[in-house]
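The values are calculated or read from the model by the stated rules, or taken from the named source; none is laboratory data. Quantities reported herein were computed from a predicted structural model and do not represent experimental measurements. No Cβ is skipped: glycine too gets one built from the backbone with ideal geometry, and neighbour counts run over all protein chains shown.
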């Protein structure tokens, strides 16, 4: 039998940490592993016979701390953040003067002992921060990026000290103090930025949690039928309890209406822009808003099984199971580290025993190999391109979370779109209308409806009043709202006009399916279909994406007929309508099995799908939960920016590959030359600097490359 375990791991603060723990769990035979650096949570499945405490102890031995059941999580996360920031500031303060000596001719900056004094604190902090992790990874035979950092920084630092002590008269030929310091500082900066980005993803979950109303009004009924309203925290509501929900309140629990009716804004769940009219026995969802009416709700689902709780769970799972960017340096470290160490040892043996060089000279050549093979260029290849790509994106109205997103964009084959607020603006309008020409004309039809809706505060009424504000005002002697149904008015001639839902007024099949109906003296007078307006750039964007070879798909919680009309207008062939968040998630899983898939959405109901997709994309006017769950935010709120973002991802990936080619070419050529003693340290430093310059220039090309069609 298998059993799934979940725990919080303090100290798991970045993708590299999550990757290391995942590898360890794989080694222990665990399956279904999800290590989420954002929330610090790890889940895995192992045999029931296996002692999970042994696994937890192993994770602890790597420098992390698994919070056991009944134990409260400490302040390790805040402490890590504080110390990482302090260490970065200290290292930067010592490293900047070291780097300045290459550009400024101040004599004191070129003094070897000043350089030693400036680099030593940085090196000490680097060994404290990265050394422990590197040592533990080697102990567990899982060398990670930290091993390369320690290797490169130590080689440069030790080589410089030996040069300073042994070759005092020409020490400048052997000084690489700035290399040691810059490796440590730049990697610390990268880790710090990654940590900030990763932790920001938990804001989505925090925002979802806040959507759940904190309080509820439970109706207590005594033996004689007298009702008492009791204000309690929502977490104390149990299945079967009855709660009162009034106009303007959020519904505190999932349940069914047992009294009253109401207009309920459910767009957070369904994506439907028009409020749903709910009656007795209809189901309602916790967190949705009563925009009009008063109801009593019997709780059916509470706690962790509610719809909102399920959405939170799905977002957590999607964030945890989505594969994090595994940097090339991490992928090859298991090979690169022993290969370089082996070459260095071979260099000593060959030079000392076979070429009759002194041991000191043999050691110098071996350390030269370590300096030359420093992963500086390799480590710069991806960040340099990503930095330029992210900057270019920001200038063009795209906020992209992390370099891995840029790389993933180029893999996309199909793009899934939500409807409301994504392909449409979310602003309601009259899409079409029909009227009974035997009763009234077009002008009268508009005048009557606009005049009636001027007396209502319903969202649909406001949109109609705004759209038909030029219509002539029709005179009414009386006008009133019929609770939960619509509006009723009497004109000066005594005619009774009714404007409301199909359920209230229209019971025949002819002209069915409209959102609002107008009746005059109980006789059908006309009907309106309400929809939200299409984004002005939606059609052009869909055409451009199809020209680029992408499959476009509509996935919405809205009604089938509305989705199909919109899809036909945009030329989208594949349509999935009336999907709940769970159904959206399942459909996205199905699509992901076919090909890498991007999801473009804007609502709370899209959050799990946005987090699960290969790339989640949101517009800037979307809900905060959608924005936090997405990988890409179109900050100018224009759908037309999407093709540019995809092209930028493709070009960034090309630039990274070009950079890696130059970085590897440098190492392939420089290492054997250094091992043969044919490359002086000074020239080696120049070539190393040149390789970095080549990568930077190549990356800067990305900043001017055309990304428009």
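Selection over segment 222-244 of residues that are over 34 Å from the mean Cα position of the chain (by Cα), in contact (Cβ under 8 Å) with a residue 12 or more places away in the chain and in a strand (DSSP E or B) gives a count of 7. The condition (being under 19 Å from the mean Cα position of the chain (by Cα), at pLDDT below 65 and in a helix (DSSP H, G or I)) is satisfied by just one residue among 320, 379, 391: 320.
Of the residues making up segment 563-582, one or more are within 24 Å of the chain's Cα centre (by Cα) and at pLDDT 90 or above.
Out of the residues in segment 410-435 meeting the condition of being in contact with a strand residue (DSSP E or B) (Cβ under 7 Å, 6 or more places away or on another chain) and at pLDDT below 85, tell me which one is nearest to residue 588 (Cα to Cα). Looking at residues that are in contact with a strand residue (DSSP E or B) (Cβ under 7 Å, 6 or more places away or on another chain) and at pLDDT below 85, I get 420. In a residue-by-residue description of segment 671-679, the property of being on the phi > 0 side of the Ramachandran plot and modelled with pLDDT under 80 applies to at least one position. Identify, please: which residue in segment 427-469 is out of contact with any helix residue (DSSP H, G or I) (no Cβ under 6 Å at 6 or more places or on another chain) and within 30 Å of residue 611 (Cβ to Cβ) and is, among those, surrounded by the fewest Cβ atoms within 10 Å (Cβ to Cβ)? Checking each candidate, the answer is 427. Taken over segment 350-369, the criterion of being assigned to a helix (DSSP H, G or I), more than 11 Å from residue 675 (Cβ to Cβ) and modelled with pLDDT of 75 or more is satisfied by 352, 353, 354.
A single entry from 520, 490, 559, 485 fulfils the requirement of being in contact (Cβ under 8 Å) with a residue 12 or more places away in the chain and touching a helix residue (DSSP H, G or I) at 6+ places or on another chain (Cβ under 6 Å): 485. Residues in segment 621-645 that are part of a helix (DSSP H, G or I), at pLDDT 80 or above and out of contact with any strand residue (DSSP E or B) (no Cβ under 8 Å at 6 or more places or on another chain) were compared, and the one that is nearest to residue 540 (Cα to Cα) is 643.
Restricting segment 536-558 to residues that are under 15 Å from residue 584 (Cβ atoms) and modelled with pLDDT under 90, the residue that is surrounded by the fewest Cβ atoms within 10 Å (Cβ to Cβ) is 558.
Applying the condition of being modelled with pLDDT under 90 and surrounded by 13 or more Cβ atoms within 10 Å (Cβ to Cβ) to segment 488-502 and asking which residue is farthest from residue 452 (Cα to Cα) yields 502.
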